[in-house]
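Notes to accompany the following structure.
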Amino acid sequence: MHFSFRTTALIAFCGCWAALAFADEKLNAPISAAIDVLPEHLVAQPPAANWPSYNGDYTGRRYSSLAEINVNNANQLRTQWVFHADNSNRLEVTPVVVNGLMLVTAANHAFALDARTGRTAWHYERPDTEGLIDDASRHLNRGVGLWHTRVYMLTDNAHLLCLDVRSGHLLWDVAYATGNRNYGATSAPLVVKDKVIVGTSGGDDGVRGFVAAYDALTGKEAWRSWTIPGPGEFGSSSWPGKMYLRGGGTTWMPGTYDPELNTLFWGTSNPAPDFDGAVRPGDDLYTDCVLALDPDTGKLKWYFQFTPHDLFDYDATETAVLIDAIYKGEARKLLVEANRNGFIYILDRTNGKFLSAVRFAEKLNWAKGIDAQGRPIRTGVQPTAEGTRICPGFAGATNWYAPSYSELTHLFYFKVLEDCGTFFRKPQEFVEGQTYYSTGVKHDPGEHPQKLLLAYDFNTETFAWKYPQVSTGFSSGGTMTTAGGVVFFADDAHSFEAVEAQSGKPLWHFNTGQSIDASPMSYAINGKQYVAIAAGSDIFSFALP
């Protein structure tokens, strides 16, 4: 590994503060930013000038209070700068920005950029790890966490790194998933109080999922909460013999957090093997769940399982969005999740009580509906040796790409993929270093996938509007909404788009020329609002003229 510094960046040190100054090309005036991200900065909501964590704030709403860009002028947006990462052609990162400093990741690299110009202040890198499988072998990374003057990122082989925000120097490196080389990591960490919360990928590869917390200063493990119960623990009946060691339930997306309840909400992935349920009878706890955890101890407060005994790879790692609202005439603390299985759920996040579920995918044949307890009413379709057509397909009716919620319209925005697949089952023995699907899914060439952007009103349990995608290309681009009344999102035609949040009326689009597999964010410098998104191998930043 090495560190590279641009001569245009002046790095000055003063106690625990770091002042980073960048020369502006046009004005030749410095932008100075003191970087010290305090816990109260992370708790603040909604985000404004700063976007200090993956979802902007702990709620997962991806709602920016910035309103300079609005429905009346969004059509005037122009590219301000483009940053190219030469070590990845599929960026999935959401940039974080604090006081004019942007931090992004590309595989096992981290970059600090001047958020006004895109110039590099420092660059940390380490080689891609060889010998990984499945998602980990693609060396994906979704961003960093911040705490005081420290930057935290995960590597493809599940190491937690701590870097100095002033220089990019490595302060410590902790390998947090050992004992099975099928583990990987693709997420951004979540910093809560003085702990860095991490998860892993590999749920399709025969690993035992967990959420773990590390001391932000020292890197010492504080707690670990396993998502697959061990022998004798509640829920262990689904995992005979040593199946608990390879039952899946990984935690490959960052969770959300309610400071008032002091509760983490973390999603878990599908059980393993994916398509052979005979070796894992019962509900397969705690796969396909949202877990409510005590961030100080890791203790489980409650759980809700969206797809018991999942046979279709319907991970529940979609963002659990936290909304305080009047729901059916009563002030409630809600958790809203558009799930990969094709239903959108409303829970009371104080206790996990199921409130409602509404089908949002038209192509859906695995369940007839959701009962009063929140359990699916199944149709009985399942993978077979000959193959069975099942909807939603392998990629799910939605996925990890970010939803958002507007405080202005009180609507919930997310993308749906209308698609099906032919699911096959063939028993398979677990082998370390190999995937553990038992067996796979085939996409029918006659099947035409369709993406739509949906606006959901959870009070009326109806969709305010639907915005179809015009292309049949595939992307994993998410959404963001702003106080300017705009929803920003990435479409399947390689474009970054803006639509009116109230009506879905198109306002603006920019063709990036690359597949977009990331979610947008917004920030401001000296009162000027920017929106940014990763596309292909580049970070694009936009603003008004």
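Taken together, the values in this text are just the output of simple stated rules run on the coordinates, not laboratory data. What you are looking at is a predicted structure, and each value in this text was computed from that prediction instead of being measured. Every residue, glycine as well, gets a Cβ built from its backbone with ideal geometry; the counts of neighbours run over all protein chains shown.
Odds and ends about this structure:
- Sparsely packed GluC sites (Glu not before Pro) within segment 178-267, loop by DSSP, other Cβ within 10 Å at most 11: E260
- With viscosity 0.692 mPa s and temperature 37 °C, the Kirkwood radius over alpha carbon pairs of segment 486-528 converts through Stokes-Einstein to a diffusion coefficient of 288 µm²/s.
- Treating each Cα of segment 418-545 as one equal point scatterer and applying the Debye formula with no solvent, the log10 of I(q)/I(0) at q = 0.10, 0.17, 0.19, 0.20 Å⁻¹ comes out as -0.46, -0.95, -1.07, -1.13.
- 3J(HN,Hα) couplings calculated from phi for segment 121-134 with the Karplus curve 6.51 cos²θ - 1.76 cosθ + 1.60 (θ = phi - 60°) are, in sequence order, 8, 8, 9, 9, 9, 9, x, 4, 7, 8, x, 7, 10, 6 Hz; Gly and Pro show x.
- Taking the inverse of the mean 1/r over every pair of distinct Cα atoms in segment 294-447 gives a Kirkwood hydrodynamic radius of 17.1 Å.
- Where only DSSP H runs of four or more residues are counted, the chain gives 0 deg cm²/dmol as its mean residue ellipticity at 222 nm, each run worth -39500 (n - 2.57).
- The share of Cα pairs per 10 Å bin across segment 413-492, counted from zero up to the longest distance, runs 15, 32, 26, 20, 8, 1 percent.
- Fewest neighbouring Cβ atoms within 10 Å first, the residues V97, V71 line up as V71, V97.
- Relative contact order (%) - criterion: Cα under 8 Å, at least six apart; region: the chain: 15
- Share antiparallel - DSSP beta bridges, segment 3-543, percent rounded to 5: 95
- Förster radius 30 Å - calculated FRET efficiency between S537 and K466, Cβ distance, rounded to 0.05: 0.45
- Order of Y467, Y183, Y257 - criterion: other Cβ atoms within 10 Å of each residue's Cβ, fewest first: Y467, Y183, Y257
- Computed log₁₀ I(q)/I(0) - Debye formula, equal Cα scatterers, no solvent, the chain, q 0.10, 0.12 Å⁻¹: -0.75, -1.12
- Here the average projected area of the convex hull drawn through the C-alpha atoms of segment 110-266 stands at 10.6 nm².
- Charge dipole (segment 3-543, unit charges on Cβ, about Cα centre) - positive-most of A402, A34, Q502: Q502
- Listed by Cβ neighbour count within 10 Å, with the fewest neighbours leading, I525, I326 appear as I326, I525.
- Each Lys and Arg contributes +1 and each Asp and Glu -1, all at the Cβ; summed about the Cα centre of segment 3-543, the dipole is approximately 360 debye.
- Net length available on complete extension from L170 to A34 is 47.0 nm, with 0.36 nm assigned per residue and the Cα-Cα distance removed.
- Tail beyond 18 Å, pair distance distribution of segment 144-226 (Cα, percent): 36
- In segment 181-265, inverting the average of 1/r over every pair of distinct C-alpha atoms gives 13.7 Å as the Kirkwood radius.
- Rg(Cα) / (2.2 N^0.38 Å) computed for segment 78-138, rounded to two decimals: 1.24
- Residue (of S137, S88, F343) at the positive-pole extreme of segment 3-543, dipole from beta-carbon charges: F343
- Site pair E407 and S137 shows an inter-label distance of 4.6 nm when each label is modelled 7 Å from Cα along Cα→Cβ.
- Extension gain, A325 to D194, is 44.2 nm, computed as 0.36 nm per intervening residue step minus the present C-alpha separation.
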